[in-house]
4 protein chains.
Amino acid sequence: MKKDTKPKALKRLARIEGQVRGVAKMIEEDRYCVDVVRQIQAVRAALSGLEKLALDDHLETCVDAALSSDDVSNRKEKVEELVQIFGGRM
Amino acid sequence: MKKDTKPKALKRLARIEGQVRGVAKMIEEDRYCVDVVRQIQAVRAALSGLEKLALDDHLETCVDAALSSDDVSNRKEKVEELVQIFGGRM
Amino acid sequence: MKKDTKPKALKRLARIEGQVRGVAKMIEEDRYCVDVVRQIQAVRAALSGLEKLALDDHLETCVDAALSSDDVSNRKEKVEELVQIFGGRM
Amino acid sequence: MKKDTKPKALKRLARIEGQVRGVAKMIEEDRYCVDVVRQIQAVRAALSGLEKLALDDHLETCVDAALSSDDVSNRKEKVEELVQIFGGRM
């Protein structure tokens with residue numbers, strides 16, 4: 001991960017952890033289910049944003065380096081991983 | 001939320017919180033981006049399952065009660081909320 | 001379906017049918033796979049829009065009528081169908 | 001596109017075109033909206049399968065060839081296109 005991506009990602013994760021605890025508190029306090037669901041959706045959106053951040057970083061570092069290198073099997077491996085990961089996003 | 005759904009949801013949230021902390025640790029330890037992304041996807045899948053649990057509970061309690069009641073505007077409100085929530089899942 | 005939704009939906013379907021034939025032509029002419037994939041994605045987006053049109057119409061007609069009626073089992077049936085349909089969108 | 005993928009894709013497209021016409025007929029005959037929506041979802045699923053077929057073919061032909069070649073800029077271009085296309089699937 002790039003030097004400036006790392007603290008950004010960790011900051012987002014700290015916020016996401018707080019959101020997860022917030023959902024637990026809502027359930028403990030018997031808050032309205034619809035509000036709970038909306039809050040869970042907000043956490044999922046935050047995680048999706050973090051995933052995009054990590055993916056973009058990966059593309060700009062490891063994948064780009066592999067594509068520039070002479071190592072054919074490493075290039076193919078990196079792209080196969082990418083296809084797998086994108087499959088998991090859907 | 002139903003009596004047996006609540007502890008189940010809280011248990012899942014405790015596990016999800018642990019997973020989120022695990023992702024932070026992976027990033028701190030400079031683990032391979034692809035493994036980080038996969039772990040984020042696993043957390044999102046866990047949250048999606050929790051959301052389904054909360055939604056199903058809501059359908060079986062609040063929505064079902066509203067549909068059985070004589071309060072037309074409450075019935076419509078519940079269904080409108082439902083449509084909104086489902087929109088947020090997509 | 002409402003009187004003004006029907007011609008709108010049919011017009012969209014005629015366009016979608018043309019798009020599907022367009023994709024077939026692209027494949028027959030050995031056009032670049034990436035352009036084919038993009039065109040398929042455009043057709044899927046058009047179908048998704050049509051689905052939303054049909055769903056909104058359904059909500060404003062059948063579902064709204066059921067919710068206003070005294071027939072409890074019809075209300076529940078309509079909402080169950082809705083939940084199923086939304087599941088299929090995801 | 002590979003020799004054996006092309007007829008497969010065209011066959012699927014012919015079926016999809018028939019399905020689209022089927023949806024139009026359902027709307028013309030004022031069939032129940034929920035059945036119309038379900039049929040639209042079936043067409044979308046068929047298109048999604050076709051898209052996967054075209055994507056897999058593209059990976060096995062153009063992308064694989066680019067990754068094996070000495071042309072760095074072509075490799076990067078192919079992977080950028082891939083990332084874009086996957087973005088459109090989501």
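The values are calculated or read from the model by the stated rules, or taken from the named source; none is laboratory data. All figures in this text were calculated on a predicted structure; none of them were measured in a lab. Note that each Cβ is placed from the backbone with ideal geometry, even for glycine, and that neighbours are counted across all protein chains shown. Keep in mind that these areas ignore ligands, DNA and RNA; they rest on the heavy atoms of the full protein, side chains included. Shrake-Rupley method; radii C 1.70, N 1.55, O 1.52, S 1.80 Å.
Residue pairs whose Cβ atoms lie under 6 Å apart, sitting 6 or more positions apart in sequence or on different chains, and linking a residue in segment A:18-37 that is more than 8 Å from every other protein chain (Cβ to nearest Cβ) to a partner that is β-branched (Val, Ile, Thr), are A:Gln19/A:Val43; A:Met26/A:Val36.
Residues are listed down the side, and each one gets a yes or a no for (1) of a type in the set (A, V, I, L, M); (2) in contact with a Lys or Arg (Cβ under 9 Å, 6 or more places away or on another chain):
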residue	(1), (2)
B:Asp35	no, no
B:Arg44	no, yes
B:Ala54	yes, no
B:Leu59	yes, no
B:Ala65	yes, yes
B:Ser68	no, yes
B:Asp71	no, no
B:Asn74	no, no
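Within segment D:48-67, identify whether any single residue is of a type in the set (Lys, Arg) and farther than 21 Å from C:Ala42 by Cβ, and answer yes or no. No, there is no match, as no residue in segment D:48-67 is of a type in the set (Lys, Arg) and farther than 21 Å from C:Ala42 by Cβ.
I need a count of the residues in segment B:77-90 that are open to solvent by 50 Å² or more (accessible area, probe 1.4 Å) and part of a helix (DSSP H, G or I).
3
Restricting attention to segment A:48-90, the residues that are within 22 Å of A:Lys11 (Cβ to Cβ), acidic (Asp, Glu) and at the interface with chain B (Cβ under 7 Å from one of its Cβ atoms) total 2.
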